[in-house]
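The values are calculated or read from the model by the stated rules, or taken from the named source; none is laboratory data. Note that the coordinates shown come from a computational prediction; the quantities given were computed from them, not determined experimentally. A quick note on method: Cβ atoms are made from the backbone with ideal geometry, for glycine too, and the neighbour counts reach across all protein chains shown. The accessibility values were calculated without ligands, DNA or RNA, using every heavy atom of the protein model including side chains. Shrake-Rupley method; radii C 1.70, N 1.55, O 1.52, S 1.80 Å.
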Amino acid sequence: MAEIKAFRGMRYNTEKAGEISQLCCPPYDIISEEQRLGYISENEYNIIRLELPKEGENPYQTAREILDMWRNRGVLVSEDKPAIYVYEEEFTAYGERKSIKGIIARVHLEEFEKGIILPHEFTLSKAKEDRLNLMKATNCNFSQIYALYMDSEHTTLATIDNESKDTPKLEFTDGEGVTHRLWIVTDENVIAKLCADFADRKLYIADGHHRYETALNYRNYCRENGLSKVGDPCDYQMIYLVDMEHPGLVVFPTHRLVRDLPDFNVEKVLDGCREYFDVTEMNGTDNMESELAKLYDEGKKAFGFYVGNGKWYRLVLKNLDIMDKLLPELSEPSRQLDVTVLHSLVLERIFGIDKENMANQINLTYTKFFSEAVEGVDNGKFQCSFVLNPTRVTEIRDVAAAGEKMPQKSTYFYPKMITGMVMNDIGVE
């Protein structure tokens, strides 16, 4: 099953680079150009210059030159010994202070069809091309993929907790109020135990599908061009591994906003919805999330259809059997996903927004923020929005185990991992 191993991570030498809080950044795909420039102005050594390069005529080559320069200056250094890294994020979600803790290790790359490492979402080719160009230029992973594993006895988590009792090697709180902590485990016995734990486990990708598929493409590229052989470091990818039942695991919903549909008519939409849903008119958005949460706890498929000025309609699916008839080719876990219900019954059948339209975001936009789902309609930018409940972690597992993928933007794991605390220089054994 999954093979993990320790590695000599590349980290900042903060004595030369500055405070770790000024060197890290959020995932590259959620950073605006203004933010990117802000990180660089605060500290020229910020990881954003490598993770999201935009300097020079060939930004990828410039990233390589910057990486070499920082290595030569001793700004970036590789660990003396192979290590597994314990990474913790402490954060606030749904009004509660929580924390999630896992390990960062090199994981042997496996094709999805082997059933060892399983995806759950579809990906876009443009993002994969960008990441592949960056890997070709730098031969590095600057950020981690996020994967879940099943461990009913929580034996790995017990080891992780034991290894993170002392003061962390790195710790800081970012601008979003998330505290990041990193411990470095070099004890060979502990590493051997952690590696053995995964010998009979599958991994479920939570976040980073593009980067995982890119890593496979890069491995193949290196082999085809005689740059590596089987067993070399490019056969491995840096992955953050978290217990699927960790109490701090939080998945936010991703809401849908609809725009630019010709002949959009609320009453016509409601007439179409009544065939499949119990429709209740509601006023005031203050209780929308709590109303949907109650139905979520009852196991029902429910959505908030927001039309503006505080007015919305509660849509509750009458009978799941309709999904069995509509999508017999899909597994039961896939058919019963909230996003599958919404996409199939409403967005496709009533609105006429097909899968290609969704993928290209022609008439559809996504947001994890409830406030944006409401304000976007109120200010006239969007015609309506659909507020969703979060996808359950067990649903992610079951869809992946069935060998299927969810629609894009089905999940939003929170918080995102920070980039820059530890990196994977693939050229270092």
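Note on surface exposure: Met150, Met244 rank Met150, Met244 by accessible area, highest first, 1.4 Å probe. For the stretch 1-149, the fraction of C-alpha pairs more than 28 angstrom apart is 28%. A Cβ-based charge dipole, computed about the Cα centre of the stretch 267-332 with Lys and Arg at +1 and Asp and Glu at -1, lands at about 160 debye. When the chain is treated as a Gaussian network with alpha carbon springs shorter than 10 Å, the biggest mean-square fluctuation among Val341, Val393, Val266 belongs to Val266.
In a simple Cβ point-charge model (Lys, Arg +1; Asp, Glu -1; nothing else charged), the stretch 286-429 has a dipole of about 320 debye relative to its Cα centre. The stretch 150-173 and the stretch 99-119 have Cα centres spaced 18 Å apart. Accessible surface ranking for Thr155, Thr391, 1.4 angstrom probe, highest first: Thr155, Thr391. Using only side-chain charges placed at the Cβ, +1 for Lys and Arg and -1 for Asp and Glu, the dipole size of the chain relative to its Cα centre rounds to 460 debye. Peptide packing: for 232-242, 10-20, 330-340, the average count of neighbouring Cβ atoms within 10 Å per residue gives the ranking 232-242, 330-340, 10-20, highest mean first. A straight line joining the Cα centroids of the stretch 41-61 and the stretch 190-223 runs 27 Å. Each of Asn58, Gly226, Gly310 was scored by the projection of its Cα onto the charge dipole of the chain, and the greatest displacement toward the positive side belongs to Gly226; charges sit on the C-beta of Lys, Arg, Asp and Glu.
Dividing the Cα radius of gyration of the stretch 147-280 by its Kirkwood radius returns 1.14 for Rg/Rh. Within a straight-line Cα-Cα reach of under 22 Å, Lys268 can be paired with the following lysines, leaving aside sequence neighbours fewer than 8 residues apart in one chain: Lys301, Lys311, Lys318, Lys355, Lys381. Between Glu55 and Lys193, the simple label model (points 7 Å from Cα in the Cβ direction) yields a spacing of 4.4 nm. Cα-based radius of gyration for the stretch 249-341, normalised by 2.2 N^0.38 Å, reads 1.15.
When nucleic acids and ligands are ignored and a 1.4 Å probe is applied, Lys128 ends up with an accessible area of around 40 Å². Sparsely packed loop sites in the stretch 177-247 (the trypsin sites (Lys or Arg not before Pro) outside DSSP H, G, I, E and B with at most 11 other Cβ atoms within 10 Å) comprise Lys229.
For the chain, the relative contact order comes to 25 percent (Cα pairs under 8 Å, sequence separation of at least 6). Over all other residues within a Cβ to Cβ distance under 14 Å of Val75, the charged ones net out to -1, with Lys and Arg as +1 and Asp and Glu as -1. Here the stretch 328-429 is described by how far its Cα atoms reach on the three principal axes: 55, 39, 24 Å, from widest to narrowest.
Across the chain the C-alpha pair distances fall into 20 Å bins from zero in the proportions 24, 54, 21, 1 percent.
Separation of the alpha carbons by more than 26 angstrom is noted, of Lys128/Lys193; Lys101/Lys229; Lys193/Lys409; Lys81/Lys165; Lys5/Lys114, for Lys128/Lys193; Lys101/Lys229; Lys193/Lys409.
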